[in-house]
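The values are calculated or read from the model by the stated rules, or taken from the named source; none is laboratory data. All figures in this text were calculated on a predicted structure; none of them were measured in a lab. Here the Cβ positions follow ideal geometry from the backbone for every residue, glycine too, while neighbour counts run over all protein chains shown.
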Amino acid sequence: MKYLILMHIDPAVLENLTEEQQQLIGEGHSQFMATTKENGEFIATQALGDPSRSKVVRSNGERPEVTDGPFVEAKEFMGGFYLLDVEDEARALELAAQIPDASIPGLALEVRPVVFSDLGDG
């Protein structure tokens, strides 16, 4: 079963990390990717740009219009994700707990099942 692990980022938390903590996070993500690839559970990961670079497309009642993002004002934003193929929700939660962000107060991981998928293989 596929699960998406969304990484919710609070820029204020990241700004207060030491260089050593930032390095440990980078190394932790590298290890997580290597382990899940080795186990055959890894499908994809993407890191997203800062919300200040996003645009929102939504209807104004007549036609879609483009505005600067993000969609909502919040201190946290989605910074990236992992897409995994695992046995069950318990395994998805077990893996999410291994992502370095899970051990940093102020950061969060959201684990959500994928109910439809088209990976565009072709």
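Residues of the stretch 52-65 that are surrounded by fewer than 13 Cβ atoms within 10 Å (Cβ to Cβ), out of contact with any Ser or Thr (no Cβ under 9 Å at 6 or more places or on another chain) and not in a helix (DSSP H, G or I): SER59, ASN60, GLY61, GLU62, ARG63, PRO64.
Across the stretch 12-39, the number of residues qualifying as in a helix (DSSP H, G or I) and either in contact with a helix residue (DSSP H, G or I) (Cβ under 9 Å, 6 or more places away or on another chain) or among the polar types (S, T, N, Q) (or both) comes to 15.
Table: residues versus (1) in contact with a Pro (Cβ under 7 Å, 6 or more places away or on another chain); (2) among the aromatic types (Phe, Trp, Tyr).
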{"residue": "GLU15", "(1), (2)": "no, no"}
{"residue": "GLU20", "(1), (2)": "no, no"}
{"residue": "PHE32", "(1), (2)": "no, yes"}
{"residue": "PHE42", "(1), (2)": "no, yes"}
{"residue": "ALA47", "(1), (2)": "no, no"}
{"residue": "VAL57", "(1), (2)": "yes, no"}
{"residue": "GLY61", "(1), (2)": "no, no"}
{"residue": "VAL86", "(1), (2)": "no, no"}
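Does GLY49 satisfy the criteria of being within 18 Å of HIS8 (Cβ to Cβ) and assigned to a loop (DSSP other than H, G, I, E, B)? Taking the combined requirement at face value, the residue satisfies it. Against the conditions (1) modelled with pLDDT of 90 or more; (2) in contact with a Leu (Cβ under 7 Å, 6 or more places away or on another chain), GLY79 satisfies every one except (1). Could you please let me know if GLU38 is at pLDDT 95 or above and either more than 25 Å from ARG112 (Cβ to Cβ) or surrounded by 17 or more Cβ atoms within 10 Å (Cβ to Cβ) (or both)? For GLU38, the condition - at pLDDT 95 or above and either more than 25 Å from ARG112 (Cβ to Cβ) or surrounded by 17 or more Cβ atoms within 10 Å (Cβ to Cβ) (or both) - is not met.
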